[in-house]
Amino acid sequence: MPLRPAIQIDIAHARVFEPTLLHARVDPDIIMDDDDALTGAAPGFWRELRREYEAVGAAPSVHLPFHGLNLGSRSRSVRELSMSLLSAGLRAAAELGAVSAVMHTGFVPLVSRKAAGKWLEAFLPPFERLLAEAEEIGIPLALENTWERTPALFERIGEAVGRRFRYCLDTGHCSVYSELSVSEWADFMGDDLAVLHLHDNDGREDLHLPPGRGALDFRPLAPVILERRPRVVFETKPRHLREELAFLRGLLSGRAAARP
């Protein structure tokens, strides 16, 4: 394997999979989708976990909180709650020694153009504060394509704050929500592509299937992975890890089929 992939696990199981990760030479990607587990973690939890991962040579990354969060909400309370949880995630990532942190914008593209402009106006100040925090602790912050149909929103954010963030390309979201293909998103992200979320679906629902079980053609991603070396994260259940590692080896060696 020309690279070392990661598997997404939740906070509650951050320690359970250590032996499996070590044996398979796979890194942990901690998803902070449980606010209580994040904010209620015991003192020293993340530092202890960092020492344990360092002892086995694992390099963790994180996916910041996202459920119901929206830095661009018209509600000040929602913005403040979102900022509080995202900031808590970054602090935990710093103690963990994470190599990157991924976040959703929270933007819903069904709104009108006028509403989208107001959303961006509200989003930018807290996002800049979050960027400053990430820069201070030395963790690259990557914006993930979620419900965005095109990269237009990311372009506007970049124009406002500069190239102070990177990107996470989510293959499943491209298939279900986007007007662009995976290749077109990869071209847009260019050398700023830091993380690749690898999972499959039927083209209608975001099912998070192991790659190769759905309708996506992953072959165009092989040169992207080999040339740009993003952190490849399997966003599926850990029980599929062996199957996914075999798929990734086949993809990078040119043996992966277009679809099942």
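The values are calculated or read from the model by the stated rules, or taken from the named source; none is laboratory data. Given the structure is predicted, the values throughout are model-derived calculations rather than measurements. Using ideal geometry, Cβ is built from the backbone for each residue, glycine included, and neighbour counts are taken over all protein chains shown.
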Answer from Glu135, Glu179, Glu144, Glu155 - the residue that is in contact (Cβ under 8 Å) with a residue 12 or more places away in the chain, among the acidic types (Asp, Glu) and touching a Phe, Trp or Tyr at 6+ places or on another chain (Cβ under 9 Å): Glu144
Before we move on, is Leu21 out of contact with any Ser or Thr (no Cβ under 9 Å at 6 or more places or on another chain) and either surrounded by 14 or more Cβ atoms within 10 Å (Cβ to Cβ) or β-branched (Val, Ile, Thr) (or both)? yes
Checked region 25-44 for anything surrounded by fewer than 17 Cβ atoms within 10 Å (Cβ to Cβ) and either under 21 Å from the mean Cα position of the chain (by Cα) or of a type in the set (D, E, K, R) (or both); matches are Arg25, Asp33, Asp34, Asp36, Ala37, Thr39
Return the total of residues in region 242-260 being not in a helix (DSSP H, G or I) and not small (Gly, Ala, Ser). 3
Any chance you could count how many residues in region 15-47 are modelled with pLDDT under 90 and in a loop (DSSP other than H, G, I, E, B)? 4
What is the one condition in (1) surrounded by 15 or more Cβ atoms within 10 Å (Cβ to Cβ); (2) free of Cβ contacts under 8 Å to residues at least 24 places away in the same chain that Arg239 does not satisfy? (1)
Name the pairs: first residue in region 40-51 and on the phi < 0 side of the Ramachandran plot, second residue part of a helix (DSSP H, G or I) and β-branched (Val, Ile, Thr), Cβ to Cβ under 9 Å, at least 6 apart or on different chains? Ala41/Ile11; Phe45/Ile11
Residue by residue through region 129-146, note down the ones that are closer than 14 Å to Arg163 by Cα and exposed (fewer than 15 other Cβ atoms within 10 Å of the Cβ). Ala132, Glu135
Which of the residues spanning region 225-236 are at pLDDT 95 or above and surrounded by 19 or more Cβ atoms within 10 Å (Cβ to Cβ)? Ile225, Pro230, Arg231, Val232, Val233, Phe234, Glu235
Pick from region 103-121, criterion part of a loop (DSSP other than H, G, I, E, B) and closer than 12 Å to Leu69 by Cα, ranking: nearest to the chain's Cα centre (by Cα): Thr105
Taking region 50-98 and keeping residues more than 22 Å from Ala194 (Cα to Cα), of a type in the set (A, V, I, L, M, F, W, C) and modelled with pLDDT under 95 leaves Ala55, Val56
Name the pairs: first residue in region 188-215 and closer than 30 Å to Arg163 by Cβ and among the acidic types (Asp, Glu), second residue at pLDDT 95 or above and assigned to a loop (DSSP other than H, G, I, E, B), Cβ to Cβ under 9 Å, at least 6 apart or on different chains? Asp192/Phe165; Asp206/His199
Tell me which residues, restricted to region 93-142, are farther than 18 Å from Val233 by Cα, in contact with a Ser or Thr (Cβ under 9 Å, 6 or more places away or on another chain) and not polar (S, T, N, Q). Gly106, Phe107, Pro109, Trp119, Ala122, Phe123, Pro126, Phe127, Arg129, Leu130, Glu133
Restricting to region 74-102, name every residue that is of a type outside the set (Asp, Glu), in a helix (DSSP H, G or I) and over 15 Å from Asp34 (Cα atoms). Arg76, Ser77, Val78, Arg79, Met83, Arg91, Ala94, Leu96
